[in-house]
Amino acid sequence: MQKEKFSYDNTIVRNFAIATMVWGLVGMLVGVIIATQLFEPAMNLGNRFTTFGRIRPLHTNAVIFAFVGNAIFMGVYYSLQRLLKTRMFSDTLSKIHFWGWQLIIVAAAITLPLGITTSKEYAELEWPIDIAITIIWVVFGWNMIGTIFKRREKHMYVAIWFYLATFLTVALLHVVNSFELPVTFLKSYSWYAGVQDALVQWWYGHNAVAFFLTTPFLGLMYYFMPKMANRPIYSYKLSILHFWSLIFLYIWAGPHHLLYSSLPDWAQTLGVAFSIMLIAPSWGGMLNGLLTLRGAWDKVRDDARLKFMVVGLTAYGMSTFEGPMLSLKNVNAIAHFTDWIVAHVHVGALGWNGFLTFGILYYLIPKLYKTKLHSKKLVSTHFWLGTLGIIFYAVPMYISGATQGLMWKQFTLEGFLKYPSFLSTTLQIIPMHMLRALGGLIYLVGAIIMVVNLYKTMKAGSLVRNEEAEAFPMVKEDPKMVTSGYWHRWIEKRPTQFILLSFIAVTIGGAVEFLPTFLVESNVKTIESVKPYTPLELEGRDIYIREGCNNCHSQLVRPFRSETVRYGDYTKAGEHVYDHPFLWGSKRTGPDLSRGGVKNGVMYKSASWHYDHMMAPGDISTGSIMPSYGWLFDDDIDDSNLEGKINAMRTLGVPYPKGYEKIARQDLEKQALKIQKELIADGKPVEAKKEILAVIAYLHKLGRDINVEETK
């Protein structure tokens, strides 16, 4: 049998590598800016497009889907061809994938600062972009699976298992979480409401971390770590246990983001139990990677690329131990909503995703250009700057998070909150935020050094666009023959069966958690006093979402004395049945707003207070880090789509009377005039159609429908 000659497509790998570097710098720069905004409000730059609420999701999307996403595709396109001894299934699909993904990123970079957002964390992009993501993801999967079926290598190596699981699960997560009802071309409402929306979102959110930020990078680790060290992976059997247990267990853990919420207790308990079990496969994968380097530590000492891989794997181990610990209720009670979670997430993002990406880039670029790295010293400099940046970022955030959690809960001997003002905690942690911004800046400087180093490396060489290779064709097995060897070898040769089993493994957990929550009516009890939003309140809520207020304010009072004393009665599932989407939030940079409209049966903050606070927060609360929202006083409420919004909400189950959309504008104007008169009486001149009136109406609605005596 003669070897067949073919070539690897290196152009697509180079394209994704360049995109990784460019978007990485953009995402990190925006990260430094928003970190600075949290101690210097002037960094919001005084305009609507650069406030923290609008560009924080720009940062997360740029880092997750632009930087990390392009890095995944770079590594997959390089390793898949070589593991399967074949060129990608279709050069055309590769190009469509690349340019389609970049256009999606550009669409996100345009729409998010414009305030076009669904508000759902890591899934903020509106429905036309969601459809584009689905199409391009299918193109990626089509190209990858097509390549697998035309392979010359019979067995699929462990890295490919993780690539397939990534494709299948991300597709499932994205489609289920993106069920939206369009109102206009760039406006939609989530199909789910309240606690059900929260469950779906954090099933998606947790597993976006699992299957976009973790499993593909584990696949890349299994390929590039042995290549860099020139050693085989430590244990084949451990890789099997690692893969199947990880993809099965991970999908169950999402509810641990909703502990002490109104999600049914059984679902919360499942989330905690499976989170704890996740320690075993996560650490199994980490150890499998680190033990691959046994006997090769001299290489690690001398090769900064391997240092990136080792520290990246260590960061993965730290994050995957800390995550289950944070799912324990006693730890979650203190850490949730605090900067502790920010530290946890960024140890994974900066250490695991960032460092593995840097190590792979340093490995790939010289190979693609058939040259040597421009400077090994600069690689080492980058490594130490990156490590220092992570330390300066994470340690202050851990301190800040512990400070927040403890100060929020502390009572005096007389039984009163020791720090009743939320702002006292904010002022206490500002030095930690300064150090965090410094850490992010150091990390960014290291990334800039890498880009310069790799640019000079590319200039010194020449891209091998089509790398010549040869391999024996794959011989089909006689189905009558009994497969010998380890049992798992059987499935490694059969991609169809492998894909089917993987899909079953990742769907069981979601189905078990979703079906009772959605189908058993008693899980979400309605509350008679809770009424749909008025037209003005609905418009105000949409403005609140547009400005990204939910990035800083939660709307979930947990059943702790410290929270019920501070904010009011704890949150019930039934009070959010008309919330499309839910707005429980995941971080308290500012106080919780669940009961923002009422406290102890009376209005909590007057219209005049909200007017002044939105105009000049620092004048109302000395030291506030909230930006001014002056444009709310200049811009008219855009109620041109009000009829469509009412109709959409009715379709989603909100009980607006039939035909109400025809008179909704009258009700909007009537309520706006009432708030206007109150403001004018307090010496606050404002026109009757300004957006500030809608925002005030929405804030006054929060908690107003809940009668504590009836809902206990």
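If you go through segment 653-681 and keep only what is without any contact (Cβ under 8 Å) to a residue 24 or more places away in the chain and either hydroxyl-bearing (Ser, Thr, Tyr) or part of a helix (DSSP H, G or I) (or both), you end up with TYR660, GLU661, LYS662, GLN666, GLU669, LYS670, LEU673, LYS674, GLN676, LYS677, ILE680, ALA681.
Counting only residues that are out of contact with any helix residue (DSSP H, G or I) (no Cβ under 7 Å at 6 or more places or on another chain) and aliphatic (A, V, I, L, M), how many does segment 58-115 have? Selection size over segment 58-115: 5. Within segment 126-152, being of a type outside the set (A, V, I, L, M, F, W, C) and either outside any loop (DSSP other than H, G, I, E, B) or surrounded by fewer than 17 Cβ atoms within 10 Å (Cβ to Cβ) (or both) holds for PRO128, ASP130, THR134, GLY141, ASN143, GLY146, THR147, LYS150. Restricting LYS187, LYS227 to those that are basic (Lys, Arg) and closer than 25 Å to TRP137 by Cβ reduces the list to LYS187.
Scanning segment 639-652 for residues that are in a loop (DSSP other than H, G, I, E, B) and either over 17 Å from GLN666 (Cβ atoms) or hydrophobic (A, V, I, L, M, F, W, C) (or both) gives a single hit, LEU652. Among residues that are among the hydroxyl-bearing types (Ser, Thr, Tyr) and buried (at least 20 other Cβ atoms within 10 Å of the Cβ), SER594 is included. Looking only at residues of segment 369-424 that are charged (D, E, K, R) and part of a helix (DSSP H, G or I), we find that the one that is surrounded by the fewest Cβ atoms within 10 Å (Cβ to Cβ) is LYS377. Scanning for something over 16 Å from GLU537 (Cβ atoms) and surrounded by 18 or more Cβ atoms within 10 Å (Cβ to Cβ), does segment 657-680 turn up at least one residue? The answer is yes; a qualifying residue exists. The conditions of being in contact with an Asp or Glu (Cβ under 8 Å, 6 or more places away or on another chain) and either on the phi > 0 side of the Ramachandran plot or in contact (Cβ under 8 Å) with a residue 12 or more places away in the chain (or both) are met by GLY205. Where helices (runs of 4 or more DSSP H) fall entirely within segment 488-584, those with at least 3 residues that are of a type in the set (D, E, K, R) are at 535-546, 561-567.
Quick note: the coordinates plus some simple rules give every number you see, no bench work behind them. As the structure is a computational prediction, the values presented were derived from the model and not from experiment. FYI the Cβ positions are ideal-geometry reconstructions off the backbone, even for glycines, and counts take in every protein chain you see.
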